[in-house]
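Here is the structure we will look at.
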Amino acid sequence: MNTPSHFAGAPRGLRSDWCGDLRIDDVGRTVSVTGWVARRREHGEHLAFVDLRDRSGIIQCVVDGAHEVRTEYVLRITGTVRERPDGTRNTELETGAVEIVDCDVEVLNTAEPLPFPIDDRRDVDETLRLRHRYVDLRRARLQRNLVGRARINAAIRGAMDRQGFVEVETPMLIASTPEGARDFVVPSRLSPGSFYALPQSPQLFKQLAMVGGVDRYYQIARCMRDEDLRADRQFEFSQLDLEASFVGQAEILDFVTEAVSDAVATISGDRPVTFETMTWYDAQERFGSDKPDVRFGVELTELTEVFASTDFNAFKAPCVKGIRVPGGAELTRNRLDALTDRAKKLGAKGLVWAKVDGPTAITSPIAKFLTDREVADTVEMLGAESGDLILIVADDRPMVRRVLGALRLDLGRPGVGDGGLRFVWVTEFPLFEGLDESGNPIPAHHPFTMPHPDDIGLLDATGDELTSIRSQAYDLVLNGWELGSGSVRIHRRDTQQRIFGLLGIGADEAQEKFGFLLDAFRFGAPPHAGFAFGIDRLTALLLGEENIREVIAYPKTQSGADPLTGAPSPIEAGQLTELGLRVVVPQPR
RNA sequence: GGUCCCGUGGUGAAGCCUGGAGUUCACGCCGCCCUGUCAAGGCGGAGGUCGCGAGUUCAAAUCUCGUCGGGACCGCCA
């Protein structure tokens, strides 16, 4: 990657050059640069250094007196580029071999002292940052992130265009659909009492586009979901949304891999990148998660057979698994107790820990309940050595996976910028993730997902057997973050009706909720499949950020507020009247 | 809906556990000095309702309860 200014375009207007562009080749030129005063160093009445900053970087200007200039003033400086005298070069600066001398300084605007420093060395209160986001945006970190995000978007658009995808915009004001997350709703003025919903994703529209013969659709789509915020979740987010006809899972994975690879290359060509494929079952068995972080080991090891006929009551369970924590024998009793608490909070009945002293010797509160054979087999299966810690959970299979999967992350997960970029395609997700109160299966992805061809016969099953049906749904995972998901869609009415039947959705209800899609499918829907992944999360990971707020220009706080604009805010009575709305504030109980 | 952490001059922290005068550190700000600095340096100065409200106490930044704001997480996120 070149200097940041490489992306800044030709200098126009008040500037002849970007600050960060000036090099030894420019010596002797008369230039005009514009920007903000990053720093000012006065050395008496007739010598001062002004570091001028713009998006591209910083250039040092030598000024005859700078007493009228303050930090963050907006200046235009015209002068001559000169090689810096011997011994005064600054290797920390891209422009450190040169400086601008004989400066004419124009103050384009003054500035009050900022509410917090532009320096990145200090963490500033989140509210302050967001209230003065325009100040925050001047800081190198967000400048870098905004440019990085723009480059990623451009790379993705390039890759999709090259692969023959057509960018199609879909509406923001749509009908609310009952499935999925909570909708943001917008009241209708022309139909008082009725509401639009903001899209959670363009799901239905992209499938309609397939019926419409678009064949390969994509969009960098804005999506809204009214669910509680997290480090990796905002109300509003951006997805690369795509759908293609007459192709299956393999082609979709290729299309997305191409786009993601280009995005990665534009940011961090030097970081090791791998894509691997793993079934959902293997991910759960080995990593206790459907979004495995494969940058480190500590995989789950099956121990059920070892304790098949154990006398230790706690291990008489449908599933026993363990993990090995290398060097973990050093953990204090306090730390081990904390791990046990954590396991219980996650739903386990308990957590068994054992410090490994040798191939057949462990130190553990429950050592006396185990046979020598059980101890030896456990140590061997886990490949544990002296000084390691073994953690074992026994319960039903989903619980064991869940608890050990979480402990594994607690104990071994590398930092966000470490361990390279390990992409994993997780395939063969279950069609249903469980049963609801009435015994109907709950779709794991969405109700238009095609079952796995080998499992079609199981659609006649009932109850818990249904949850073993695999689907043609797949996720893309990067370093343990779920980037996105997709599936091969059902394109035939008979199959769709069968699934609706299983879900307990009757013909009338299906027609009411998804009628327009079912109608469309009567008029020649091609086989199709698609995917969507979160641009915010991908960008954050590529830029080494742990929170997607850092790659969003104007994000919201965890409580969904925007300290900059004051949103959300009450509206005028007249607006309510026009919309036929009356506000009833919930009474505190 | 729940759990945990944080809130101290403009910024970031320490002080809180173990109550005793708004105490400290760094940065910034203002003034003066300074002709090769680059996180410049030297001297001096200003600046705080310790988020807010109750309670305990002779006495609260410090202990208790509540509340507001921020953050992390669980639930939630087809």
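The values are calculated or read from the model by the stated rules, or taken from the named source; none is laboratory data. Because the structure is predicted, anything quoted here is derived from the model rather than measured. Here the Cβ is made from the backbone with ideal geometry for all residues, glycine too, and neighbour counts use every protein chain on show. These area figures cover heavy atoms from the full protein model, side chains too; ligands, DNA and RNA do not enter into them. Shrake-Rupley method; radii C 1.70, N 1.55, O 1.52, S 1.80 Å.
Pairs of Cα atoms under 8 Å, at least six residues apart: use those to get the relative contact order of region A:386-516, whole percent. Relative contact order of region A:386-516: 22 percent. For A:Glu305, the shell of other residues with beta-carbons less than 15 Å away shows a net charge of -1, using +1 for Lys and Arg and -1 for Asp and Glu. With a ≥ b ≥ c the root eigenvalues of the C-alpha gyration tensor of region A:118-165, is it rounded (a/c under 1.5), prolate (a/b larger than b/c) or oblate? Verdict is prolate for region A:118-165. Annotation: amide H of A:Val98 within the under-5 Å range of A:Arg84, sequence separation 5 or more or interchain, hydrogens built in the peptide plane. With an a/c value of 1.5 or above and a/b larger than b/c for the gyration tensor axes a ≥ b ≥ c computed over the alpha-carbon atoms, region A:11-133 is described as prolate. For region A:358-409, the Stokes-Einstein estimate of translational diffusion at 20 °C and a viscosity of 1.002 mPa s comes to 177 µm²/s, using the Kirkwood hydrodynamic radius over alpha-carbon pairs. What chain A shows is 49 Å² of accessible area per residue, with the surface traced by a 1.4 Å probe over protein heavy atoms. Would you work out if chain A is rounded, prolate or oblate? Take a ≥ b ≥ c from the square roots of the eigenvalues of the alpha-carbon gyration tensor; rounded if a/c is under 1.5, else prolate when a/b is larger than b/c, oblate otherwise. Oblate, because a/c is 1.5 or more while a/b does not exceed b/c.
Tell me the relative contact order for region A:4-109 as a rounded percent, counting alpha carbon contacts under 8 Å between residues six or more apart. 28 percent. Taking region A:537-563 and a reference point 7 angstrom along Cα→Cβ of A:Arg413, the backbone N atoms nearer than 16 Å belong to A:537-538, A:540-542, A:544-549.
For chain A, the dipole from Cβ point charges (+1 on Lys and Arg, -1 on Asp and Glu) about the Cα centre works out to 900 debye, to the nearest 20.
Can you give me the relative contact order of chain A as a percent, contacts being Cα pairs under 8 Å and 6 or more apart?
Details: 1131 pairs, mean separation 78.1, N = 589.
For chain A, the relative contact order is 13 percent.
When only alpha carbons are used to place a centre, region A:233-247 and region A:125-178 end up 13 Å from one another. Only aspartates and glutamates eight or more places from A:Lys355 in sequence, or on another chain, were considered; those with a Cα closer than 12 Å are A:Glu330, A:Glu385, A:Asp388. In this structure the amide hydrogen of A:Ala444, modeled in the peptide plane, comes within under 5 Å of the amide hydrogens of A:Phe432, A:Glu433, none closer than 5 places in sequence on its chain.
When only alpha carbons are used to place a centre, region A:356-415 and region A:24-40 end up 62 Å from one another. Using the Cβ-Cβ distance between A:Glu179 and A:Val585 with R0 set to 25 Å, the FRET efficiency from 1/(1 + (r/R0)^6) comes to roughly 0.30. Region A:313-327 and region A:553-584 have Cα centres separated by 51 Å. Using a simple spin-label model with pseudo-atoms 7 Å out from Cα toward Cβ, A:Ala461 and A:Ala231 lie 3.7 nm apart. For region A:5-67, which trypsin sites (Lys or Arg not before Pro) are both in a DSSP coil and crowded by at most 10 other Cβ atoms within 10 Å? Those satisfying the criteria are A:Arg12. The alpha-carbon of A:Lys513 sits under 24 angstrom from the alpha-carbons of these lysines, leaving out residues fewer than 8 places away in its chain: A:Lys206.
Dipole magnitude for region A:4-109: computed about the Cα centre from +1 point charges on Lys and Arg Cβ and -1 point charges on Asp and Glu Cβ, it is near 300 debye. In region A:4-109, a dipole from Cβ-located charges (positive for Lys and Arg, negative for Asp and Glu) runs towards its positive end, and of A:Ile24, A:His46, A:Gly65 it is A:Ile24 whose Cα lies farthest in that direction.
Per-atom-type breakdown for region A:4-109 gives carbon and sulfur 47% of the accessible area (1.4 Å probe, protein chains only).
Listed by chain and number, the lysines placed with their C-alpha closer than 19 angstrom to that of A:Lys345 are A:Lys321; residues fewer than eight positions away on the same chain are left out.
Proximity of backbone amide H atoms, modeled 1.01 Å from N, is registered between A:Tyr196 and A:Val186, A:Ser188 at under 5 Å, excluding neighbours fewer than 5 places apart on the same chain.
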